[in-house]
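J.: Okay, here's the structure, questions in a sec.
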Amino acid sequence: KRQYEAALEHLHLALEIMEESLGPDHPDLGLLLDNTGLTLVGLDRPEEAVAAYERAISVWERSMGPTFPRIAMPLSGLAELALARGDREAALGYAERALALREQGDVAEGLLARSRFLMARVLGPEDPKARALAQQALATFEAIGGYHEPEAAEAKAWLQEAGVEPK
């Protein structure tokens, strides 16, 4: 927890410096704000994380347009938070937009797989589309390997709990 607190201090300082030197709508702020949201989630401060994610989206939409693929990062964070609090409707809206941005953008396969698996989790194991998305995500995670191995294991376990034999 101390590392998260230290990281948050550094992120706030970096945000302050960048806003001062680059202005409040510079696209580089979006990444710092997304990382701030992630850090706040790690500190179990979801309300503040939501604000950071929403600000990241706002900065990127103003500076790069509403179809900028990196907007999927804070949208995914918002979907995870909504899912954690049981708000599937909100989670679905965020996850759908994140997946659409990653499907139309030039993004790494691992990121697209993360969005597919997030959408699967939001839709729920009883949904055939969710099971297909989870299968796609699993195949990608396994093909990439490396640091995606824990995500592959999570997707495989999710599919097994859904009564689907992973391919």
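J.: Evaluate region 112-132: report whether one residue or more is closer than 18 Å to ASP34 by Cα and not hydrophobic (A, V, I, L, M, F, W, C).
T.: yes
J.: Determine which single condition THR67 fails, assuming it passes every other condition in (1) assigned to a helix (DSSP H, G or I); (2) over 14 Å from the mean Cα position of the chain (by Cα).
T.: Going through (1) assigned to a helix (DSSP H, G or I); (2) over 14 Å from the mean Cα position of the chain (by Cα) one by one, THR67 breaks only (1).
J.: How many of the residues in region 117-159 are open to solvent by less than 50 Å² (accessible area, probe 1.4 Å), outside any helix (DSSP H, G or I) and on the phi < 0 side of the Ramachandran plot?
T.: Counting residues in region 117-159 that are open to solvent by less than 50 Å² (accessible area, probe 1.4 Å), outside any helix (DSSP H, G or I) and on the phi < 0 side of the Ramachandran plot gives 1.
J.: Looking at GLU89, GLU19, GLU80 in this structure, which one is over 14 Å from MET119 (Cα atoms) and open to solvent by 40 Å² or more (accessible area, probe 1.4 Å)?
T.: The conditions single out GLU19.
J.: Let me ask something else. Considering each of ARG55, ARG102, ARG97 in turn, give the residue that is open to solvent by 80 Å² or more (accessible area, probe 1.4 Å) and of a type outside the set (A, V, I, L, M).
T.: Of the residues listed, the single one that is open to solvent by 80 Å² or more (accessible area, probe 1.4 Å) and of a type outside the set (A, V, I, L, M) is ARG55.
J.: If VAL107 satisfies every condition in (1) in contact (Cβ under 8 Å) with a residue 40 or more places away in the chain; (2) part of a loop (DSSP other than H, G, I, E, B); (3) aliphatic (A, V, I, L, M) but one, which is the exception?
T.: (1)
J.: Among the residues of region 40-64, which ones are among the acidic types (Asp, Glu), assigned to a helix (DSSP H, G or I) and closer than 21 Å to ALA6 by Cα?
T.: As a first pass, look at region 40-64 and keep what is among the acidic types (Asp, Glu): 44, 47-48, 54, 61.
Adding the requirement that they be assigned to a helix (DSSP H, G or I) leaves 47-48, 54, 61.
Passing the criteria: GLU47, GLU48.
J.: Take region 67-77 and flag every residue that is farther than 13 Å from ALA120 by Cα and either among the aliphatic types (A, V, I, L, M) or crowded, with 21+ Cβ neighbours inside 10 Å (or both).
T.: Matches in region 67-77: ILE71, ALA72, MET73, PRO74, LEU75, GLY77.
J.: Read through the list (1) in contact with a helix residue (DSSP H, G or I) (Cβ under 9 Å, 6 or more places away or on another chain); (2) closer than 24 Å to LEU123 by Cβ, then give the number of the only condition that MET64 fails.
T.: Unmet condition: (2).
The values are calculated or read from the model by the stated rules, or taken from the named source; none is laboratory data. Given the structure is predicted, the values throughout are model-derived calculations rather than measurements. Cβ coordinates were reconstructed from backbone atoms using ideal geometry, including for glycine residues, and neighbour counts include every protein chain displayed. For the accessible areas, the whole protein counts, side chains as well, though only heavy atoms, and no ligand, DNA or RNA atoms are used. Shrake-Rupley method; radii C 1.70, N 1.55, O 1.52, S 1.80 Å.
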